[in-house]
Each structure stands twice: as C-alpha cells, then as structure tokens.
1. So, with +1 on the Cβ of K and R and -1 on the Cβ of D and E, and no other charges, what is the size of the charge dipole of the chain about its Cα centre, to the nearest 20 debye?
2. Between the helical axis of 3-21 and the dominant principal axis of the chain, each derived from Cα atoms, what acute angle in degrees is found, rounded to the nearest 10?
3. Please give the residues of segment 39-81, grouped as numeric ranges, whose backbone N is less than 12 Å from a label point set 7 Å along the Cα-to-Cβ vector of Q105.
4. Under 14 Å from the Cβ of G58, count the other residues' Cβ atoms, weight Lys and Arg +1, Asp and Glu -1, and hand me the total.
5. For the chain, take the longest principal axis of its alpha carbons; what is the angle in degrees between that and the long axis of helix 75-88, to the nearest 10 within 0 to 90?
6. Can you tell me what share of the DSSP beta bridges in segment 191-271 is antiparallel? A percent to the nearest 5 is fine.
7. Could you compute the net charge surrounding V276? Neighbours are other residues with a C-beta less than 15 Å from the C-beta of V276; K and R count +1, D and E count -1.
8. Which whole-angstrom value gives the distance between the alpha carbon centres of segment 181-217 and segment 83-137?
Amino acid sequence: MSLVLMSLMANVAWADTANSKTTEVSNRDYVLGAGDFVRISVYGSADLLTEARISAAGTITFPLLGEVTIGGLSPKLSESKLAELLEKGGYVKKAQVNLVVLQYQSQFVSVLGDVYKPGKVALDRPSKLSDVLAMAGGATPNGSDIVTLIRTQAGKTTKKDYDLRDLIAKADATHNPQVLGDDIVYVNAREVSVLGQVNRPGKYSVTSGVRTVLDFLSQAGGVASNGADSIIVMTKRNGQLEKIELDVDQLYRAGELANNFELSNGDSIYVPRVPVFYIYGEVQRPGAFRLERNMNVAQALSTGGGLSIRGTERGIKIKRNIKGELKTLDAKAGDVLQANDIVFVGESLF
C-alpha cells in the first residue's frame, strides 16, 4: 500500500471523526449494551429528561418507571418500549420518546491482518471503515488495497471486500460503510501465489525485498526436479489480466533480467509438471523420462541406456495422441518427440 494512499486514508478518517464529534451521535440500528451512555427525552415532559449509563445488567433507571431493561434493543425499540410503559402506567398520554446514544462503549470491532495495531477497537461513536482502520494505526506497507469486512447477523456470516482506493476517492456509504459491533475488519497482505511444481508452493507476501519473479520462485524453494523448463505468470497490466510464459533458463541468465519483472498483489506463478516421454521394448532402462527441449528419437534411446543386445533401430515406432486418438507412427532417429510420446523399440530378428 503506497504512503500516499495511507496518508489519504488517514485524512478521510480524521474528517469523518471530526464531523462525528460535532453532532449528537445517533445510530438507529445500533444494539444498546452495558456501558453505553444515553439521553432520553419525552416530548412535552421536560422533567423526564434523563441521561444514564446502561448497567452491566442492561438496565437504566428512568423517572416514574424505575429500572427498565434496554440492553439488547436498538434505540428505536427502546423508545417504543419506554413509550408503552409510560402510557400503560398512566403517566403520559401518547408518549413520544426520543433516545440518543451519547457514548458508545459496549461494542467492539476486531481489526486484524496487516495493520500497525491489530486487535479490538472500541466503538465510542458511529464509525466508518476508514475510522476503525485509522484507530488501528492504518495498513502497513505490506497491506494490500483490499480490506475484508466480516459480519455475523442472525447466525449468518457475510464477507465483503472493499478497495481502499474507492474508499478514499468516493467515500460514500457504499464504499466506506459503517461498521457494527462484533464486525471483523481484515486487511489482506499483498500476496503472490506460487503454485505447481515448486518445493514450497503457497502464498508469499510482497515486501521491499521480495518483488520480482525470481524473488518469489526463491521464496517457494525454487523449481522442483519435476518442474518444467518454462513457467506461467498471471499478472495485471493496465487493469487487464495477462498470461506470460517465461523460460526458466533464460530468466536466470544475465541479460535476460527484463523478464524478471516485479509482481503485485493477486499475481500468480505456475510451474507446470515437466513433460515426459516413455520408452519400452528392447532398451537397457525402459520407463518414463524427462522430455528435454527438442529431444529426438536418438537422444531418447540414449536416455534409456541404449539398445539391448536384442534391440534394433529398424522399425522403431512412436505412439502419439493426435486430437484424442492414439496413432502409431514410423520413427527415424532425428524425429523430435512430443510430450507423452511412447517410443517402442522392437527386437532384431537376425
């Protein structure tokens, strides 16, 4: 994540926080809990104006009514409950109750991942995504531009990703949503996936010292013995996903470092399994062997240890899959093999 982006995010969060301090805090969907400080007024009954902190049991003491439980209710439902109690008790006719949360102290959000101060953040006011990120110190340089908001309501868990660039550029409720108690905000690491035939496949973080194709191959332990001579890199360029095939040998050579480009969050490296050929019949070591680039029949025979005492180079056959059909071909010493070819060496009759 760029320093400029981090700075902009901090500015957005500061502006949101400053605005929230200048107005009474109000959140109609908030669930009241122990420690929250509320102001309750009844239209036309100034003597009933009350400010109270909700107890550990979820109760407040209200004039005329005594202890009333509002913990676990929203402000709107609390208003309805108080109005109903006042009317039933004969204290106020057609009571109009207004409840405002002055301090939010019962709700916490977990901010995890690549932030400077991971952990629980107290929601002491209605807070947006940018607010809680700022309270956690912001994203580290290894943090990506993608933040995941995880929310559980009514036993159902949802996950939604937000792009910090949109959060800053647009800063509306769609891109910078309000967070609720028990939400989890997770700042993803900038990661590149290294998959296939490497010694340690997995996801690796983009850091100041790990940025290029070779850096990530090294992090993954290098190409395994059964890895192919070429690798496939999936990377985004100009917003478009691009597939690039690179020759491993040329990648390591001096003068070919132009192919050793930097990768970014979400890119991937895939090392295919090395292509093989099979050789059977009258050879010293029948079996499956690595197919080297431009390997011909003569080289394949040498890889198989050469002909046995009964073998002959006359009448060598290649079985090859052509468009889904296995066909038998006559072979010459200079014919180039293809992946999964089966070379069969016959027995000499004389």
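Values quoted throughout were computed directly from the atomic coordinates according to the rules given, and no laboratory measurement underlies them. Since we're looking at a predicted model, the values are computed, not measured. When we count neighbours, we look across all protein chains shown, and the Cβ atoms used for this are built from the backbone with ideal geometry, even at glycine.
1. With only Lys, Arg, Asp and Glu charged at Cβ, the dipole is about 580 debye.
2. Between helix and principal axis, roughly 20 degrees.
3. Only 52-56 pass the distance filter.
4. Values: positive: R53, K81; negative: D36, E67.
Summing Lys and Arg as +1 and Asp and Glu as -1 gives 0.
5. Compared with the principal axis, the helix lies near 30 degrees.
6. 80
7. +3
8. Cα centres, segment 181-217 to segment 83-137: 36 Å.
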